[in-house]
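The next block holds one structure in the form of structure tokens; read it before the comments.
The values are calculated or read from the model by the stated rules, or taken from the named source; none is laboratory data. Bear in mind the structure is a predicted one, so any value in this text is a computation, not a measurement. Every residue, glycine as well, gets a Cβ built from its backbone with ideal geometry; the counts of neighbours run over all protein chains shown.
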Amino acid sequence: MGNIVDYLEWRGDLTFEQDPFNEVDSLILTAIVYLSGQNYLPKSGEELTIRQVAEEYFETHDPKSVYIGIFFDKCLGEFAQKLGQSERFGHIKVMRRVNRVNKDKQRQFCAVTFRLSKNLYYIAYKGTDDSLIGWWENLNTLVTYPVIAQSKAALYAKGEMNRFPEGRFYLGGHSKGGNMAVYAAYQLSESEQARLIKVYSNDGQGFTPGKFEREKYERIRDKVVQIVPEDCLVGNLLEEYPCERIVVKTTGSGIMEHDCFKWSLCGNRFIALPDVSEKSKNTRESVNELLASLTEEDKQDIVDEMYTLITNMEAETLTDLLKRENRLVFFRSVRSLTPKCSKIFFAFARICIANGMVF
């Protein structure tokens, strides 16, 4: 049993011709795209291989100093360095990177196109990193459909398919990136969807309740794979989409299983379990009951009030917010919420604590 770090040791010397692209390779590309914010990947317009990018980046950066937040293992930098050195991934060309962050509009969007071989491409959407901007956009999915990042994801996929008209495509992402990959896929035209091979959502959440476009989604349903950890929380949120689902054994616990470096595999496949854990099921059921009890006005109020509360704390990242001193300030500040929103917040907190879904 190992993880994606071990995978590079086991299979990093095998090309895609020797061992075809698989679900673990997909996870690796969606993990490495998190480093785009640190300029690990080239800017839009440049075309470099992952090996060239890694060699250039780690000439001036210490792999051990790379940190992108609590949901990712601190080995990500060393992993990226090894990725560039591997035969399997080193030759992959980074064709395009778009990274847009707008604090005022609570928008975070990043996508990267990788060329695996001639006419074979992988579009990877970045999930939510440590910045609170992305977390606010996640919260906005309670009340807004589509959010800006989802719309951008669809436009990006259409644009890349136009750029490479002979190409066939994989789409994928981790966390919010997985949600964007699924959204982009079902917004494509039928002729574009015919060029899709697979769509991978790695613990990506569902969609705004009551607004999920099921008729459009059915056209790509058979191409979608959702991969979730055994104590799945994020992948169980909001309205689910029917698809092939792989439940992965992990070395973590609770919400920290969202870290894909804790997902267990053997060879070129994840170690699969029959179903998610009981606490995952209990959390999903309780959260869905809570959301069903809220009006649209309730949801908008909690989004607005929580945004104001945390903005006033002047925290920029989730790591900052979860520091011990800031946790105390945060919970004291919750008292400033209206009684209705305070009740909703603590109801959600009790659900997570009761089921071990805490930091």
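Residues to consider are GLU316, GLU305; find the one that is touching a residue at least 12 places away in the same chain (Cβ under 8 Å), closer than 21 Å to LEU238 by Cα and either acidic (Asp, Glu) or exposed (fewer than 13 other Cβ atoms within 10 Å of the Cβ) (or both).
Answer to the check: GLU305.
It is to be established whether one or more residues within the stretch 252-259 are closer than 23 Å to SER201 by Cβ, within 23 Å of the chain's Cα centre (by Cα), in contact (Cβ under 8 Å) with a residue 12 or more places away in the chain and not assigned by TED's automatic domain parsing to the domain that holds HIS174.
no
Can you find, within the stretch 35-55, the residue that is nearest to LYS198 (Cα to Cα) among those that are at pLDDT 90 or above and assigned to a helix (DSSP H, G or I)?
ILE50
Can you find a residue in the stretch 53-61 that is surrounded by fewer than 17 Cβ atoms within 10 Å (Cβ to Cβ) and of a type in the set (Val, Ile, Thr)?
Yes, there is a match, as at least one residue in the stretch 53-61 is surrounded by fewer than 17 Cβ atoms within 10 Å (Cβ to Cβ) and of a type in the set (Val, Ile, Thr).
Does any residue of the stretch 183-195 turn out to be touching a Ser or Thr at 6+ places or on another chain (Cβ under 6 Å) and surrounded by 21 or more Cβ atoms within 10 Å (Cβ to Cβ)?
Taking the stretch 183-195 and keeping what is touching a Ser or Thr at 6+ places or on another chain (Cβ under 6 Å), we get none.
Among the residues of the stretch 183-195, not one is touching a Ser or Thr at 6+ places or on another chain (Cβ under 6 Å) and surrounded by 21 or more Cβ atoms within 10 Å (Cβ to Cβ), which makes the answer no.
Here is a check on your reading of the model: is ILE271 of a type in the set (A, V, I, L, M, F, W, C), assigned by TED's automatic domain parsing to the domain that holds ASN236 and either surrounded by 16 or more Cβ atoms within 10 Å (Cβ to Cβ) or out of contact with any His (no Cβ under 6 Å at 6 or more places or on another chain) (or both)?
When the stated conditions are applied, ILE271 passes them.
Picking from LYS158, LYS93, LYS176, which residue would you name as being in contact with an Asp or Glu (Cβ under 8 Å, 6 or more places away or on another chain), within 30 Å of VAL303 (Cα to Cα) and in contact (Cβ under 8 Å) with a residue 24 or more places away in the chain? Lay out the reasoning, then the answer.
On the way: LYS158 fails: within 30 Å of VAL303 (Cα to Cα); LYS93 fails: within 30 Å of VAL303 (Cα to Cα).
One residue alone meets the criteria, LYS176.
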